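One structure is given here, and the rest of the page talks about it.
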Amino acid sequence: MARLTKIKTRPKGDKTEILVLVNHPMETGNRKNKKTKKKIPAHYIQKMTFKVDGKQVADADLGPAVSKNPLVGIRVNAKKGAKVAVSWSDNKGEKGGANATV
Amino acid sequence: MNTMKRRTFLKGTLASGVVAVAAGSGLLRPTEALAAAWPKSAFKSKTVAQAMKSLYGSSSASSSKAIKIKAPIQAENGSVVPISVSTTLPKVQGIGVLVEKNPVPLATAVTMTGAAGFYSARIKMGKTSPIRVVVKSGGKLHMAKKTIKVTVGGCGG
């Protein structure tokens, strides 16, 4: 299933903030289905990589304790027109990403 | 309270024993070689000290006033607690966010390779707990704490 990934960039002082929103359940593996009493299997994003103009600037490790539909933000020194690329992968091998321009 | 402490202590020693054995037999080497691999053992650690140790190699960090945690004092819904960390420390290499009373304390960690000292995310909290932010800067560990009250937990259920 394709998951929606959105990137928003905005200036913050002399830096640029990159905000990433991924449409993802982030299931911890501890919740139970109330009807069947079975555990809902864990399903969460593990890796999120940020690149600016092809160069990796940050690499985030996420655990199951990150909220559903994670919104992750970092700040970088980037000029206007710089290309931002974000990619993620989860514990089930699903992958996704998005590109944006500052 | 005493029993609680003993339990945490026992858990910590047991877990570190396992890691020591694994490191000794060379089991851990493949993961160390792959710097970009997801730190599985850190995300399985049940104590803050253990998580910090497996993530940054040390569980001791000095408190720093250069780390600012922006988070609500009271969170109505534990499943979405917005947290943002900013620091003025130079050469930030990584920022880790740990919730002390979650079943697995480590919520998220980021490795910086050029980005500024800022990180924000929304995390889940099981109950009222202090959150600990660890910043690695210039090879040293710094930390800051903030307690967040949670009225409705967001882990499991």
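Listed values, structure above:
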{"item": "Viscosity 1.567 mPa s, 4 °C: Kirkwood-radius Stokes-Einstein D of segment B:47-157 over Cα pairs, µm²/s", "result": "94 µm²/s"}
{"item": "Cα lying deepest toward the dipole's positive end in segment B:40-157, options B:Gly114, B:Pro72, B:Ser62, charges on Cβ", "result": "B:Ser62"}
{"item": "Exposure ranking of A:Glu94, A:Glu27 by accessible area [1.4 Å probe, largest first]", "result": "A:Glu94, A:Glu27"}
{"item": "Rg/Rh ratio calculated on Cα atoms of segment A:7-102 (Kirkwood radius)", "result": "1.09"}
{"item": "Cleavage-rule hits (trypsin sites (Lys or Arg not before Pro)) in segment B:73-157: DSSP loop, at most 13 neighbouring Cβ within 10 angstrom", "result": "B:Lys91"}
{"item": "Average accessible area per residue (Å²) across chain A - probe 1.4 Å, nucleic acids and ligands excluded", "result": "55 Å²"}
{"item": "Bins of 5 Å, starting at 0 and running to the largest distance - Cα pair percent for segment B:64-124", "result": "4, 17, 27, 25, 16, 9, 2, 0"}
{"item": "Label-point separation, A:Lys55 to A:Lys79 (7 Å along Cα→Cβ), nm", "result": "1.2 nm"}
{"item": "Rough spin-label spacing in nm, given labels placed 7 Å along Cα→Cβ, for A:Asn23 and A:Ala100", "result": "1.6 nm"}
{"item": "Cα centroid of segment A:30-86 to Cα centroid of segment B:88-131, whole Å", "result": "13 Å"}
{"item": "Interface burial for B against A (accessible surface, 1.4 Å probe, total of both chains, Å², rounded to 100)", "result": "2400 Å²"}
{"item": "Fraction of accessible area attributable to carbon and sulfur, chain A (%, probe 1.4 Å)", "result": "50 percent"}
{"item": "Cα-Cα over 22 Å, subset of A:Lys47/B:Lys44; A:Lys68/B:Lys91; A:Lys34/B:Lys46", "result": "A:Lys68/B:Lys91; A:Lys34/B:Lys46"}
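The values are calculated or read from the model by the stated rules, or taken from the named source; none is laboratory data. Since we're looking at a predicted model, the values are computed, not measured. Here the Cβ is made from the backbone with ideal geometry for all residues, glycine too, and neighbour counts use every protein chain on show. Please note that ligands, DNA and RNA were not included when accessible areas were found on the heavy atoms of the full protein model with its side chains. Shrake-Rupley method; radii C 1.70, N 1.55, O 1.52, S 1.80 Å.
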